[in-house]
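Just so you know, all these numbers are worked out from the coordinates, no wet-lab data involved. Remember, it's a predicted structure, so these values are computed and weren't measured experimentally. Cβ sites come from the backbone with ideal geometry, for glycine too, and all protein chains shown count toward neighbours.
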Amino acid sequence: MKRENPTIEICPGITRRTVANGKTMYQMLATLAAGSIMPAHSHPQEQIVHILEGKMRLIVDGLAHELSTGDSFYLASNVPHGVEVMSSTRVLDTFSPPRNDYLAIDEEVRHGAL
């Protein structure tokens with residue numbers, strides 16, 4: 001039986017839903033509203049950003065990269081990055097190692113703790 005994963009708000013206008021995970025990988029679908037902003041942050045996981053649809057500006061270590069439908073971008077671990085969303089966008093994000101922090105939040109929401 002397939003387990004339905006909850007949709008979690010990361011910041012105003014940006015949500016994520018876990019798609020799949022394993023011992024060494026984690027994948028999520030992010031939905032970003034036009035005009036939303038994800039502040040600069042970093043994490044120990046490597047990340048591949050793949051734009052399913054839409055357009056956004058990925059700011060990596062202070063340098064802006066405009067990405068649109070079909071584009072992908074690799075982010076090394078611990079590199080500061082943020083997002084400015086130019087039009088409604090859907091992104092498939094893959095992380096390695098897994099985002100255990102996100103998986104823990106999914107479990108808390110499933111069990112009504114959040």
* Paramagnetic label zone (point 7 Å from Cα along Cα-to-C-beta, Ser42; backbone N under 17 Å) in region 75-111 -> 75-83, 96-97
* Taking the radius of gyration and the Kirkwood hydrodynamic radius from Cα positions alone, what is the Rg/Rh ratio for region 1-55, to two decimal places? -> 0.97
* Percentage relative contact order, region 7-110, counting C-alpha pairs under 8 Å, at least six apart -> 34 percent
* Sort out for me the Cα centre separation of region 64-99 from region 6-38, rounded to whole Å. => 11 Å
* Say R0 is 22 Å: what FRET efficiency, to the nearest 0.05, do Asp61 and Met86 get from their beta-carbon distance? -> 0.65
* Structure fact -> CD proxy, 222 nm, the chain: helix-only mean residue ellipticity via -39,500 (n - 2.57) per DSSP H run with n ≥ 4, per residue, nearest 500, stands at -3000 deg cm²/dmol
* Using only Cα atoms, figure out Rg for region 1-98 and give it as a multiple of 2.2 N^0.38 Å. => 1.02
